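K.L.:
Pasting a structure below so you can have a look.
Values quoted throughout were computed directly from the atomic coordinates according to the rules given, and no laboratory measurement underlies them. Model, not experiment: these values are computed from the prediction. Cβ placement follows ideal geometry from the backbone for every residue including glycine, while neighbour counts extend to all protein chains displayed.
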Amino acid sequence: MMPATALARLLSQLEASRYRFGRREAAHVVKLLKRLAIARFPDPSSLIRFHEALLFFRAFPQGPSAVRATERILNRFHKKVQALHKMGADMDAFDTFEFSGIAGTRMEDTLSFDVARWLVGRTSGKVEIAWENYEPGRELGTTGPRLMPLLEDDAYVEADTPWRRWLEAASGKKKTRASWLIERFQQLPLTPTQKAELYESLRVPLRWNLGNCAITRTRNWKPVRDIFYHDAPLISRSEVSLADELARPPVHMTKLSPRQGYEVIETIREVMLVRYRELYGTTLGDPASVVRVEAGRGVSIYLWNLPPERRLPLRSYVAGLTLKNGVPINYIEAIGICEWMEVGFNTFYTFRGGEAGWIYAQVLRSLCHRMGTTCVSVYPYQLGHDNDEAIASGAFWFYRKLGFRPGRPELRELVAREEKKIAADAKYRTPARTLKRLAAGHVFYESPGSEVGAWDSFSTRNIGLRVNRRMAQEFGGDGERLRDHSRRTVARVLGLNVGLLTASERLSFENFALVLNLVPDLRSWTRDEKDEMAEIIRSKSKANEMRFLRLTQRHNRFRKALLKLGS
């Protein structure tokens, strides 16, 4: 075995080589990789360092030889993990938020119904219920009789119901208990949403072994025709002008076929699963809506919407994924209405040093073109609110240096004080406690010509709370009475024949009626404004949700009413 000091020295040299470029650098990297490929690693931490460096070089290679070398090692990496396991090493380090999903390891999580069903289908026979971490009670006693005959006679009256024995008896030996459970839920005569609600109420922890399968972080890069090789320093954040990037001509978007779109949605599910992450739009993306943007420098950006039956009541939703030379490096979430959108952008830990500022600018450029956005808002969580990872990385300053400003006046004053300290002392670093204060509110970026500050205090949550307060005060907390009153009132004012709407259009109308019924001057809208509002409502459930978003941008009266209700 290589001495620990020699191994540490090689790893440090390899990590430093990520940011060195020149004619001979690829050969130097390959030489280091060959020595490390045959080394025995004494602990998880050193092996994880090697793994993360390999993934970085696969995404940001200096030459073809570096790509071949990293792929060869990554494809066999599970053997090094298995060797550590046989040595009796503590494998917990492989199950952290940053480093999960490495080939040869095991994962455990409580998944949504849609992801659990997908995982069981992809890894048949390899998913099991983690019984030692599961203590079902009344929830399984209430739901279980739908699946297991006569369970009521035990669950309803006995204090020691042996849940595992019941499930084993019902599922038999041919299936894993997890796959049997998922199949039974799938066959229930309920809507997809109802099945998900019922299954997720059980909070079943699932466990699966990754082995050397392609969905691991280690191997879920995709082959690409043309790899971009780096022969010069990476683009730093200080070199990126968001204003210049957004002012460039619109990006070219390629609409993918449903089959190609399905492959992209499969990829994002793989990417998120092995990182213990799940977003509404990455789980339920619509394969028919996927578009691709080739941004240059080996960067491919994929964006998609939700299927009509899973859309949000008021806002439009776009999710996305970025590949760098075929390697997944971040995920995207954007939710908007009118010209405003909230955006979430998460670069995976491994690639934080790899042109994140430039890639973020390309993502925003693509989103603004796709959605017609001129006002971009960033969630406080992205800045560090209840997010220690973002605080540690100084995420607030990432956005601030790109031109974002806090929406709250007291936070703008705090930023001004901090920027004075930074200007006076090059060594000054904003303390964590101050970063947490700065992360307490949204930050905004407005394109030239947009109304600065219009959306600073807006939230659809404010609208939802207004609707619910009205339900409590005027309808005794009865949601159906509120809905019925809103339907009848708004249909009459808009002159809309609800009977001619499709089922999905009616659902959209019911949601918007709750909001429009709060607009005091709705009756004074012109006939054209009312007709345009009806078209907005109908378009919400159509195949292309971006048309709905564009229509909201043209309806000035609706925009003003929305801002007043939500601010």
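K.L.:
For an R0 of 51 angstrom, estimate the FRET efficiency from the Cβ-Cβ distance between Ala130 and Lys420 and round to the nearest 0.05.
P.N.:
On the way: r = 53 Å, r/R0 = 1.03.
Plugging the Cβ-Cβ distance into 1/(1 + (r/R0)^6) gives 0.45.
K.L.:
Follow-up. What three numbers, in Å, describe the spread of the alpha carbons of region 460-566 along their principal axes, ordered from the longest?
P.N.:
36, 29, 25
K.L.:
Shifting gears a bit: Determine ³J(HN,Hα), in whole Hz, for all residues of region 311-325 in sequence, where each value follows from phi through the Karplus function 6.51 cos²θ - 1.76 cosθ + 1.60 and θ = phi - 60°; x replaces Gly and Pro.
P.N.:
For region 311-325, the Karplus-derived couplings read 6, 6, x, 10, 9, 8, 10, 10, 10, x, 8, 10, 10, 10, 6 Hz, x marking Gly and Pro.
K.L.:
While we're here: Arrange the peptides 30-43, 278-291 so that the one whose residues have, on average, the most other Cβ atoms within 10 Å appears first.
P.N.:
Ranked from most to least packed, the peptides come out as 278-291, 30-43.
K.L.:
Still on this structure, please answer the following. Could you tell me how far the Cα centroid of region 542-567 sits from the Cα centroid of region 6-28, in Å?
P.N.:
Here the two parts' Cα centres lie 52 Å apart.
K.L.:
Here's something else I'd like to know. Within a Cβ distance under 10 Å of Gly495, other residues only, what is the Lys/Arg minus Asp/Glu net charge?
P.N.:
Net charge in that neighbourhood comes out at +2.
K.L.:
A further question follows. Of the listed peptides 235-243, 307-315, what is their order by residue-averaged count of other C-beta atoms within 10 Å, with the highest listed first?
P.N.:
Working: 235-243: 14.1, 307-315: 17.2.
So the peptides 235-243, 307-315, ranked by packing, come out 307-315, 235-243.
K.L.:
At a Förster distance of 35 Å, what's the computed FRET efficiency of Asp226 paired with Arg506, Cβ-Cβ distance as r, to 0.05?
P.N.:
Step by step, r from the Cβ atoms, then E = 0.15.
K.L.:
Now a separate question. What order, most packed first, do the peptides 417-426, 375-384 have when packing is the mean number of other Cβ atoms within 10 Å of each residue?
P.N.:
Listed from highest to lowest mean packing, they are 375-384, 417-426.
K.L.:
A further question on this structure: Please compute the net charge surrounding Glu278, taking Lys and Arg as +1 and Asp and Glu as -1 over other residues with Cβ under 10 Å from its Cβ.
P.N.:
Once positives and negatives cancel, what remains is +1.
K.L.:
Now for a separate question. Where the centroid of each part is defined by its Cα atoms, how far is region 203-245 from region 153-172 in Å?
P.N.:
Going from one Cα centre to the other spans 45 Å.
K.L.:
For Asn346, enumerate residues with amide H under 5 Å from its amide H, sequence gap 5+ or separate chain, H modeled in the peptide plane.
P.N.:
Under 5 Å from the amide H of Asn346 lie the amide H atoms of Tyr331, each far enough along the sequence or on another chain.
K.L.:
Related question: Hey, with R₀ at 41 Å, roughly what FRET efficiency would Asp153 and Ala243 work out to, going by the Cβ-Cβ distance, to 0.05?
P.N.:
0.05
K.L.:
How about Lys420: which lysines have a C-alpha closer than 30 Å to its C-alpha, ignoring those fewer than 8 places off in the same chain?
P.N.:
Candidates past the 8-residue exclusion: Lys401, Lys436.
K.L.:
Hey, another quick one. Along the Cα→Cβ direction, 7 angstrom out, place labels at Glu200 and Gln260. What is the inter-label distance in nm?
P.N.:
3.2 nm
K.L.:
What whole number of Å gives the distance from the Cα centroid of region 283-311 to the Cα centroid of region 419-474?
P.N.:
28 Å
K.L.:
Here is a further query. What does the extension gain come out to for Ser524 and Arg554, with contour length at 0.36 nm per residue minus their alpha carbon separation?
P.N.:
9.0 nm
K.L.:
Right, another one. Sticking with the crude label model, points 7 Å out along Cα→Cβ, report the distance from Glu410 to Ala6 in nm, one decimal please.
P.N.:
6.0 nm
K.L.:
Would you mind computing, in nm to one decimal, how far apart the modelled labels at Arg547 and Ile235 are, each placed 7 Å from Cα along Cα→Cβ?
P.N.:
Calculated label separation equals 3.4 nm.
K.L.:
How far, in nm, would the chain grow between Arg35 and Arg461 when pulled straight, counting 0.36 nm per residue and subtracting the alpha carbon separation? Let's see the in-between values first.
P.N.:
Working: separation 426, 0.36 × 426 = 153.36 nm, distance 5.56 nm.
Roughly 147.8 nm would be gained on extension.
K.L.:
Any chance you could run the full-extension gain for Asn209 through Glu294? It's 0.36 nm times the residue separation minus the Cα-Cα distance, nm to one decimal.
P.N.:
27.1 nm
K.L.:
What does the charge add up to near Ser486, with Lys and Arg as +1, Asp and Glu as -1, over the other residues with Cβ less than 12 Å from its Cβ?
P.N.:
+2
K.L.:
Ok, one more. How many Å³ per residue does the convex hull of the Cα positions in region 199-274 occupy?
P.N.:
In region 199-274, the Cα hull volume divided by residue count equals 249 Å³.
K.L.:
Still on this structure, please answer the following. For the chain, restrict the atom set to alpha-carbon positions and state the Rg and Dmax in Å.
P.N.:
When restricted to Cα atoms, the chain yields Rg and Dmax of 26.4, 82 Å.
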